[in-house]
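Only one structure is covered here, and it is reproduced in the block below.
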Amino acid sequence: MNFEFAGLTDQGRVRSRNEDALLQRPERGLFAVADGMGGHAGGDVASRIAVDVLDEHLLAAGPDPDPDEVVAAIRAAHQAILRAARAESDLEGMGTTLTAIRVRADGCLIAHVGDSRAYRLRNGSLEQLTRDQTWVQDQVDAGLMRPDQARHHPFAAMITCALGIADVELDVQLLQPPCEPGDLFLLCSDGLTAGLEDAEIADVLAGREDLDGAARALIDAANGAGGPDNITVALVRFGGSAE
Ligand code: CA
């Protein structure tokens, strides 16, 4: 399937460095966002290892890796981060989210760990496809909290699963959403979604033909909302001209 893409990562307005990582491999239809955290200096190391190991493993897996191979690649990234953290005490405790999209001949595959997100914009309506692996999302799913309470909760950023965190079972969410020409997929770190409601993200994307401009506009909107965290976005639109 033909697609267009764009991606950007930005430090935001508050953090002293960018611990997010963005992977763009259009020649293989692979894009990913990772949001690193923890350790004295390890967040950016963890997110970089995650996208690099994913990239290398899927390159080795051939032109059309199946879902099992994508999960294996993410588990390999998890192990690589654990090894790196064991080897250097400054990196102990580092971890990262990872949300990836693999464009296939007949649609796409999305793999996800943590609280970065994948969305699909179709006919102007934005749908969150991934489930946040967070404590507040668990509360919402159990009927103990409303989504608006979760959003503003002091523990909103507490994630329950991440690559590199040794004491959690890595729970890789796999999705194969139906894709139609015109569908726009957005991967993002929580620096975008912490500042902007879904409706605001949809408004920023509405009617934009130019994906580079759309990525820039998302970053600008998140920074306009205070930019409290690193912001990373990857956009993939089906049915556009091939690049
Ligand atoms: Ca973040």
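The values are calculated or read from the model by the stated rules, or taken from the named source; none is laboratory data. Nothing here was measured: the structure is a model prediction, and the numbers come from that model. So basically every Cβ, Gly included, is an ideal-geometry build from the backbone, and we count neighbours across all protein chains shown. Calculation scope for accessible area: heavy atoms of the full protein, side chains included, ligands and nucleic acids excluded. Shrake-Rupley method; radii C 1.70, N 1.55, O 1.52, S 1.80 Å.
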Hey, Asp148 more than 21 Å from Glu27 (Cα to Cα) and open to solvent by 30 Å² or more (accessible area, probe 1.4 Å) or not: yes
Set Asp66, Asp115, Asp44: member being among the charged types (D, E, K, R) and farther than 27 Å from Ala157 by Cα: Asp66
The range 83-102 residues that are among the acidic types (Asp, Glu), paired with ones that are open to solvent by less than 50 Å² (accessible area, probe 1.4 Å) and assigned to a helix (DSSP H, G or I) (beta carbon under 7 Å, 6 or more apart): Glu92/Ala85
Single match in Ala142, Ala194 (criterion: more than 18 Å from the chain's Cα centre (by Cα), open to solvent by 30 Å² or more (accessible area, probe 1.4 Å) and either closer than 18 Å to Thr9 by Cβ or away from the ligand (no atom under 15 Å from the Cβ) (or both)): Ala142
Some residue of the range 117-135 being open to solvent by 10 Å² or more (accessible area, probe 1.4 Å) and closer than 19 Å to Arg48 by Cα: yes
Those residues of the range 171-185 which are more than 16 Å from the chain's Cα centre (by Cα) and crowded, with 18+ Cβ neighbours inside 10 Å, in sequence order: Cys179, Asp183
Residue within the range 59-82 that is touching a strand residue (DSSP E or B) at 6+ places or on another chain (Cβ under 6 Å), within 16 Å of the ligand (Cβ to nearest atom) and either over 12 Å from Leu163 (Cβ atoms) or not aliphatic (A, V, I, L, M) (or both) present: no
Residue satisfying all of: in the range 105-129; away from the ligand (no atom under 16 Å from the Cβ) and small (Gly, Ala, Ser); modelled with the highest pLDDT among these: Ala111
Counted residues, the range 1-52 - those being of a type in the set (Val, Ile, Thr) and more than 13 Å from the ligand (Cβ to nearest atom): 3
